[in-house]
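Derivation of every value follows stated rules applied to the coordinates shown; laboratory data play no part. Note that the structure is predicted; figures quoted are calculated from it, not measured. All Cβ positions, glycine included, derive from the backbone under ideal geometry; neighbour counts span all protein chains shown.
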Amino acid sequence: MNIVLLCGGSGTRLWPLSRKKLPKQFLALVNEHTMFQNTILRFQTSNINIHKYVIICNKEHEFIVQEQIHSLQLTHEFQIITEPIGRDSAPAVCVASLVDSENTVSLIVPCDHIFDDAKLCSLIEKSSHHCDNSVITFGIQPSYPETGYGYIQTNDKNETLGFKEKPDKETAETYMEQGSYLWNAGLFMFQNKTMIQCFEQYAPSILKTCKETLAKSADSNNVIALNQELFETCDAISIDYAIMEPLTTQNNNIKCYTFKYDGKWSDIGSFKTLHEECLQNEDNNTLKGSIITENTENCYIESECAIVATLGVKDLIIVNHRDALLIAHKDQCQDIKKLIAKIPEKEEDLKIVHAKAYRPWGWYINVEGNDHSGFKVKRIGVYPGKRLSLQSHNRRSEHWVIVKGKARVQLDDQFIDMSPNEHVYIPVKALHRMENIGTEMVEFVETQIGDYLGEDDIVRYEDDFGRT
């Protein structure tokens, strides 16, 4: 069986924790591992016969996936497929069905959900025997009339009768009363040849485009980088709409079964659900970071950069990051998207990147200044054995002060080995590069001075990570 992890999505309802460049699936939200890592670990301890992991992610997240897999010391084979642009789940499932043997079983798994791992894996093992010429789905017994989830209608023979997209409240209440509807858990299992047959019948244009894309895509070091010119012409549609709805409503020779999972489940779709999944103290508060509370109840409070003190409050979400502070009532946290829509255009980066931004070589934190302030101060960390691109800037000079580790700096045709408390000046248009030549993180303070300090004022000449 191939375990296919879908790593798309931006997790906007968890802003400012989750942002475009580092969305919720790559964050450690409920324990020391990220949601993506927890999804892999779910299957590592099961009896499922894993052939390999297939990870489908945005091309900008490839280095994050590589780093998080490496830290798990994964022994199973894995294949990363990078999407140049998101096209929803149907093209992703189609690509996953085409990259391995047609007789291989693929299990499609979202990587931002929480399950009772043992119970889910046991159900997958038992239901895998029904994969012959069929598509297997999994449903969850609804506990309330939720309007934010899709539903699957089934019967006592585990036959799938229909897929229903997110209903209004009245319809959701009807589903609850009827008892034959389950929440769609977003998991699908099938032999690749069966899913390919489904696409041939119901979405042939997607199948054609995905085949053409794979034929023209770069494939090296376990990474398939999907061809952008071809993949962006693919229809953007969910697997539910493209395949599952017609599969369950039209006569055909492919069967569809739904098996009910009756254990713990959460999709961490809001701060309210995140609070429910995290450890809480005697006042039902989840506290992360330097937090002081008095007469505070039922709150989720997190701070990465300062002490947060609360007095006489309850039912609040408080998230304090270096560049943004969120204060919301728990019952309204589903509407965070409305707040994000009001972020001014000049502050657009607040939606995209954290103040601590991760790169393939390490990270940087904006400490002071902006693109047009005349100066900017950054704190930068470089992983052992990594180096920045060889680059120059047309509109700024830089001063680097080493505060930790052993570094080698290239400045035009000079190579300078540096230690803490040493500094170097990088003139405008000078070629330069920072390399970590030690065994611990290199950290340095960068002061930029110029009339424009944007990230797009970079001319790259060489890069270990293929960036241009």
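In summary, region 271-339 shows an alpha-carbon radius of gyration equal to 1.02 times the 2.2 N^0.38 Å reference for compact globular proteins. If R0 is 22 Å, what FRET efficiency do you get for residue 126 and residue 267 from their C-beta distance, rounded to 0.05? Calculated transfer efficiency: 0.40.
Counting every C-alpha pair in region 360-462, the share spaced more than 21 angstrom apart comes to 27%.
You can think of it this way: the chain between residue 73 and residue 329 has 88.2 nm of extra reach, that is 0.36 nm per residue less the Cα-Cα gap. Only helices enter the 222 nm calculation for the chain: every DSSP H run of n ≥ 4 contributes -39,500 (n - 2.57), and dividing by all residues gives -6000 deg cm²/dmol, rounded to 500. Label-to-label distance, residue 307 versus residue 440, with points set 7 angstrom from Cα along the beta-carbon direction: 2.8 nm. All other residues whose Cβ lies under 14 angstrom from that of residue 265 are scored, Lys and Arg at +1 and Asp and Glu at -1, for a net of -4. Remark: region 441-451, residue by residue, has Karplus-estimated 3J(HN,Hα) of 4, 8, 10, 8, 9, 10, 10, 9, 9, x, 7 Hz, where x stands for each Gly or Pro and the curve is 6.51 cos²θ - 1.76 cosθ + 1.60 at θ = phi - 60°. Pairs spanning more than 29 Å between alpha-carbon atoms, out of 52/337; 24/346; 59/169; 208/338: 52/337; 59/169; 208/338. For residue 133 and residue 119, the difference between the fully extended length at 0.36 nm per residue and the C-alpha to C-alpha distance is 2.5 nm.
Three principal axis extents describe the C-alpha atoms of the chain; from largest down they are 72, 60, 40 Å. Calculated FRET efficiency, residue 415 to residue 460, Cβ-Cβ distance, R0 = 25 Å: about 0.85 to the nearest 0.05. Taking the centroid of alpha carbons for each part, region 318-361 and region 97-156 are 32 Å apart.
Rounded to 0.05, the FRET efficiency of the residue 281 and residue 343 pair, given R0 = 56 Å and the Cβ-Cβ distance, is 0.95. Between 0 and 90 degrees, the angle of helix 169-178 with respect to the longest Cα principal axis of the chain falls at about 40 degrees. Counted residue by residue at 0.36 nm each, then reduced by the alpha carbon distance between them, the extension gain from residue 235 to residue 292 reaches 15.5 nm.
Here the label points at residue 103 and residue 219, each 7 Å from Cα along the C-beta direction, are separated by 2.0 nm in the simple model. Modelled this way, with points 7 Å down the Cα-to-C-beta line, the labels at residue 227 and residue 173 are 5.3 nm from one another.
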